[in-house]
1. I want to check the label-to-label distance for A95 and D392. Put each point 7 Å from Cα in the C-beta direction and report it in nm to one decimal.
2. Using label points projected 7 Å from each Cα along Cα→Cβ, tell me how many nm separate R74 and Q216, to one decimal.
3. Can you tell me the relative contact order of region 161-406? Whole percent, Cα pairs under 8 Å, sequence separation 6 or more.
4. Region 30-73 to region 251-277: how many Å between their Cα centroids?
5. Across 10 Å bins from 0, what is the distribution of all Cα-Cα pair distances for region 244-314, in whole percents?
6. Sort 95-104, 230-239 for me by packing, meaning the mean count of neighbouring Cβ atoms within 10 Å per residue, highest on top.
7. If the chain between V385 and R346 were fully stretched, how many nm would it gain, using 0.36 nm times the residue separation less the Cα-Cα distance?
8. Convex hull volume of the Cα atoms in region 167-312, per residue, in Å³?
Amino acid sequence: MTLPRTVYLETMGCQMNALDSELVMGELLSRGFRPTDDLDAAELVILNTCSVRQHAEDKVYSRLGHLKSVRGRRPDQVVAVIGCMAERDGDGLLAKMPHVDILCGPGELHRLPGLLDDVRDRRGPAVALSGRLRAHSTPVRHAGAHEDLEALDSGRVFNLSSHVDTPKIFGRHQAYVRITRGCNKYCSFCVVPYTRGPEAHRPPEQIVAEVRRLAQAGVMEVTLLGQTVNHYHYREPGRPSTSFAELLRRVHDEVPELPRLRFVTSYPRDFTDEALAVMAESPRICRYLHIPAQSGSNAVLKRMNRGYTVEEYRRLLDRARAMMPDICIAGDMIVGFCGETEADFRQSLDLLRYARYKNCFIFKYSPRPGTHADERLSDDVPEEVKRRRNNDMLAVQAEINLAGHRAMMDSVIDVLVEGRSKRALKMQESEQSRGEEVDPTVRGPGQLVGRTSGDQIVVFDGDSELIGRFARVRIVAATPYTLHGTLEGPASEPVSAALARQRGIPLAVLGA
Ligand code: SAH
Ligand code: F3S
């Protein structure tokens, strides 16, 4: 069998997966693969999977069920399951889906090219898992092209035209950069520490260099990624350590050509005043924080092993707002966690009202095998109660969203234009809606989607020439998930004075 040449890559789950997919795709393109969006015809199918809730895993099983029927017609099609579900359910998945040729955990993605070489002979599945969820680690059969996983990130080849995988989340002028991997928090409901392993921090020079390369390739907005991003702390014997606040300052100051910098996801316990101060002082760091609370009840937070109280969480919000009155804060909430009473749930609603999130992702608790909550606590909130609480909370948050958006009516704001709105084609305001879907490939006049510094989504009419640039938009209408605006004109890019000098741009033009 020859090496497959067309690849279909589908990404489920979080931003880490979106980044992993981009890195994997970059690697495959450099090896001569061509991307296709035809699942049945692709020679290589890669599903980058998520295990955080059962629903995400069910979706993968349904895709694999379809691919089983394709195998009858296309015996040469190679199917790879990568990401958290490969790691969590490896053996179980192979037992149920024997047509899967490759399993590769999120900590082993650098081995994927080696696994592809292996599978050519079709002597059974090629497997690379870290084995944290098993008593015995599954043997890794082949080393890949990279010495270690770090090389996958730092060897990244970014090119605006190969940035194919994430148009739904992202325009092409935005990119993710990993600063930490894994998580050590072990929240009792969460599978991530098991699938992505212990927390590890990337060296600051590597991060700064990667951000600089992206900015020089035309990226306008970089989002630094970590499961608990503000917990970043780089230590190496014999040299000064770097805190999250110091890293933020370095990236902001040492890459003046980058117009926008953000970071997700923040953990409520590790936020220093120093990090908030760096944000407040740095004009190109977005006024946006995503700080999941998960619950507004101290009893539930304790069972979740979150390590903070509601009062501490509220004080963090107060501190952030005192230093940055225009900050937009987003949250995550879980409803129906083990033992959650109506009184607990009402406290979560109270927290929602206090927090006035610009957006909150709301999830029904889904037991994950291997986690503390699944093994030691009882999933005792009935499904219909979870559903009702979920709907009630969505309704409260929708009111908060709408009030926040209405307060912006008639204001004029700068947005980074991400692409063409797909809403005209498909209305989609589901539970997890991030608002508008974006297609950066459609050209000509029509409805565009842009994002504010606070991560609000703005839709307005304009020419696709504006995609990847800043536009100044007047807000004329608001729904809970979207702001509607009219174009006032191009915005001055929020570039620093240093870059303006470098590019020979008169500072007056930039409004600096
Ligand atoms: N710190 C991570 C969190 C990963 S999981 C980050 O980068 O966002 C994302 C969100 O999924 C969590 O904040 C939590 O609200 C939700 N979640 C995690 N495990 C869950 C479970 N077992 N059931 C329901 N929701 C869950
Ligand atoms: Fe999960 Fe808690 Fe870490 S939600 S990713 S264990 S901070």
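1. 4.0 nm
2. The modelled label-to-label distance comes out at 3.9 nm.
3. Reported as a whole number, the value is 17 percent.
4. 35 Å
5. Histogram of Cα-Cα distances, whole percents per bin: 18, 43, 24, 13, 2.
6. Answer by packing, highest mean first, reads 95-104, 230-239.
7. Extra length from V385 to R346 when fully extended: 12.7 nm.
8. Value for region 167-312: 130 Å³ per residue.
The values are calculated or read from the model by the stated rules, or taken from the named source; none is laboratory data. In this text the structure is predicted, and so the values were computed from the model without any measurement. With ideal geometry, Cβ positions are generated from the backbone for all residues, glycine too; neighbour counts draw on all protein chains shown. The accessibility values were calculated without ligands, DNA or RNA, using every heavy atom of the protein model including side chains. Shrake-Rupley method; radii C 1.70, N 1.55, O 1.52, S 1.80 Å.
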